[in-house]
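Take this structure first; my questions come after.
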Amino acid sequence: MNQLKANLKGGIQLSFFERLSDAERVCKFERGIYQKAKQEKSFKFYCLYDKISLPYFLREAYRKVKSNDGAEGVDKQDFDDIESKGLESFLQELSQELKTFSYRPEAVKRVWIEKTNGKLRPLGIPTIKDRVVQTSCKMVIEPIFEADFSEHSYGFRPEKNAGQAINLIKTYLKQGFIEVYDADLSAYFDTIPHDKLIKALEERISDHRVLRLIKMWLQSPVSEKGRISGGKSTTCGTPQGGVISPLLANIYLNLFDRNVEKEGSVFAKEGVKIVRFADDFVLMAKRISQPVKEKVSSLMARLDLTINPEKTHILNAKDKGGFNFLGFNIRYDWSLHNRGQKYWNIHPGEKSEKKFRTAISDYLTTSLVRPMTELVDGLNAKIRGHYNYFNLPGVSYINQDTRSFEHYLGMKLHKYCKRKSQRMCKRYGHNVYWHLSEHYGLIRANAIAKS
């Protein structure tokens, strides 16, 4: 009878667990491991590898990878290919490879993305298979390091974003921390030393199987135009584009965060504050002293990282022009509404606006044959994405920028109509922006600023 009760009880527990979705099961695990890491700061986690190959972890990882879309890797396999052959068999085979340690990542496809300054930066595209395993691994280890990360680090973290970083900067400026060390690291993702990164991981992970998996990704060969390079000889760098790369980059720079926020450090004595978003960070103080500058250089040298002298500045935020951070321009301006008063004006930077307008212009140039509904949908996506990022209620001020943009878009749409149809141009003239807003639902950028 007792055994029967135990079996029934076990069955009820199992059925309850089975009723949870994959996302809920993963979330339950993440909460538990985060709490453990938060409570025991020196605890090293073991037996993590087995979780990565669990069916519900892999299913949830695949769902996340698919939701992010992304290009195909070197195997030229996309989501349709995988699902046409059978998603369940794909995940079962992947789970088996992980359990038997026969899994090997494929080469990372390298493409080049143009930056706002005209230069190119490399982007690595792993295969979907590798992205799924990286995502599963990330879900297992991320909560551990989240418990250790600085609250002033905002890049590529759950429930953290650039808007929060900008808000904190504004708070510090109002408190008088107006001297700014605006730093830029040269090719950060490409220069992270593998040996020191692994040591940072070993502070919290003792499961050598997980560390072996990460080492394989760090040493994955690179495929570019049919040529293979890198591999086991690679000693530094985490390819931008890899799912787990942002987490690894945060784990490594957290070593710098800890030194800045350490009690008794030169930073603490000088009252220095840090705000970091991935490899972009600012140090803020009432005065940035020489010992602080020397300590930053010393720490970066110990981490084998290089500060870009051309893009690194120490400035007074109240000086003309202010400074730029995460695409925002932050400066001390005269108020248009309160005569004789100044305020911290935070709005899209010049480069950000130029990049946005170029994207709009290119889109209109290549959209002459699009139906109006499709044209408007594309414009709305770009307008909404840009201003939702820069519109931070109570923090940023984008009214002037949106009015200027609406004038710009009105002129662009008038030229668009002239190219598309002389008849249309004569009918709407310079009122085409108004017409598309009234009849096709084109977003008014100024309405976003007022929301």
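Restricting to the stretch 86-103, and then to whatever is not in a helix (DSSP H, G or I) and not aromatic (F, W, Y), can you tell me which residue is least open to solvent (accessible area, probe 1.4 Å)?
So the residue we want is G86.
Further question: Which members of the stretch 166-194 meet the condition of being within 27 Å of G73 (Cβ to Cβ), surrounded by fewer than 18 Cβ atoms within 10 Å (Cβ to Cβ) and not β-branched (V, I, T)?
Once the filter is applied, which keeps residues that are within 27 Å of G73 (Cβ to Cβ), surrounded by fewer than 18 Cβ atoms within 10 Å (Cβ to Cβ) and not β-branched (V, I, T), the stretch 166-194 yields A187, D190, P193, H194.
Take the residues in the stretch 107-130 that are more than 16 Å from the chain's Cα centre (by Cα) and surrounded by 21 or more Cβ atoms within 10 Å (Cβ to Cβ); name whichever of them is farthest from L211 (Cα to Cα).
K109
Still on this structure, I have one more. Can you tell me which residue in the stretch 376-388 is most open to solvent (accessible area, probe 1.4 Å), limited to those that are free of Cβ contacts under 8 Å to residues at least 60 places away in the same chain and not acidic (D, E)?
Residue satisfying both the conditions and the ranking: K382.
A quick yes/no check of all residues on (1) among the small types (G, A, S); (2) out of contact with any Ser or Thr (no Cβ under 8 Å at 6 or more places or on another chain); (3) within 28 Å of G230 (Cα to Cα):
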site: K44; (1), (2), (3): no, no, no
site: L54; (1), (2), (3): no, no, no
site: D69; (1), (2), (3): no, yes, yes
site: D81; (1), (2), (3): no, yes, no
site: K138; (1), (2), (3): no, yes, yes
site: I141; (1), (2), (3): no, yes, yes
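Pairs please, first residue from the stretch 129-145 and of a type outside the set (D, E), second anywhere and crowded, with 24+ Cβ neighbours inside 10 Å and modelled with pLDDT under 95, Cβ atoms under 6 Å, 6+ apart in sequence or on different chains.
Close Cβ pairs satisfying both conditions: none exist.
Further question on the same structure: Does the stretch 40-56 include one or more residues that are among the small types (G, A, S), part of a helix (DSSP H, G or I) and crowded, with 16+ Cβ neighbours inside 10 Å?
Within the stretch 40-56, none of the residues are among the small types (G, A, S), part of a helix (DSSP H, G or I) and crowded, with 16+ Cβ neighbours inside 10 Å.
Give the residues of the stretch 73-85 that are surrounded by 13 or more Cβ atoms within 10 Å (Cβ to Cβ) and outside any loop (DSSP other than H, G, I, E, B), sorted by residue number.
F79, D81, I82, E83
On to the next question. In the stretch 146-192, which residues are in contact (Cβ under 8 Å) with a residue 60 or more places away in the chain, over 22 Å from S206 (Cβ atoms) and either among the charged types (D, E, K, R) or in contact with a Gly (Cβ under 7 Å, 6 or more places away or on another chain) (or both)?
R157, K170, K174, E179, D182, D184, F189, D190, T191
Right, G394: surrounded by fewer than 20 Cβ atoms within 10 Å (Cβ to Cβ) and either over 25 Å from N167 (Cβ atoms) or touching a strand residue (DSSP E or B) at 6+ places or on another chain (Cβ under 7 Å) (or both) or not?
Against the criterion (surrounded by fewer than 20 Cβ atoms within 10 Å (Cβ to Cβ) and either over 25 Å from N167 (Cβ atoms) or touching a strand residue (DSSP E or B) at 6+ places or on another chain (Cβ under 7 Å) (or both)), G394 does not qualify.
Show the residue pairs that are 6+ apart or on different chains and have beta-carbon atoms under 6 Å apart, the first residue being within the stretch 316-343 and of a type in the set (S, T, Y), the second being open to solvent by less than 80 Å² (accessible area, probe 1.4 Å) and part of a loop (DSSP other than H, G, I, E, B).
Y343/S335
Tell me, please, whether a residue that is hydrophobic (A, V, I, L, M, F, W, C) and part of a strand (DSSP E or B) can be found in the stretch 135-154.
No, because not a single residue in the stretch 135-154 is hydrophobic (A, V, I, L, M, F, W, C) and part of a strand (DSSP E or B).
Go through (1) more than 20 Å from the chain's Cα centre (by Cα); (2) over 26 Å from H439 (Cα atoms); (3) open to solvent by less than 30 Å² (accessible area, probe 1.4 Å); (4) of a type in the set (S, T, N, Q) for S367 and report which single condition fails.
(2)
For the stretch 355-373, indicate whether the set of residues that are out of contact with any helix residue (DSSP H, G or I) (no Cβ under 9 Å at 6 or more places or on another chain) and hydroxyl-bearing (S, T, Y) is non-empty.
Scanning the stretch 355-373, I find at least one residue that is out of contact with any helix residue (DSSP H, G or I) (no Cβ under 9 Å at 6 or more places or on another chain) and hydroxyl-bearing (S, T, Y), so the answer is yes.
Can you tell me which of (1) touching a strand residue (DSSP E or B) at 6+ places or on another chain (Cβ under 8 Å); (2) surrounded by fewer than 18 Cβ atoms within 10 Å (Cβ to Cβ) is the one G155 doesn't meet?
Condition (2) is where G155 drops out.
Taking the criterion of being of a type in the set (A, V, I, L, M, F, W, C) and within 18 Å of L201 (Cα to Cα), would at least one residue in the stretch 50-60 satisfy it?
Yes: the stretch 50-60 contains one or more residues that are of a type in the set (A, V, I, L, M, F, W, C) and within 18 Å of L201 (Cα to Cα).
A further question follows. Can you name the condition, by its number, that G70 falls short on among (1) over 28 Å from the mean Cα position of the chain (by Cα); (2) surrounded by 15 or more Cβ atoms within 10 Å (Cβ to Cβ); (3) at pLDDT below 95?
Unmet condition: (1).
The values are calculated or read from the model by the stated rules, or taken from the named source; none is laboratory data. Computed from a predicted model, the values in this text were never measured in an experiment. All Cβ positions, even for glycine, are placed from backbone atoms using ideal geometry, and neighbour counts span all protein chains on display. Accessible surface is based on the protein model in full, side chains and every heavy atom, while ligands, DNA and RNA are left aside. Shrake-Rupley method; radii C 1.70, N 1.55, O 1.52, S 1.80 Å.
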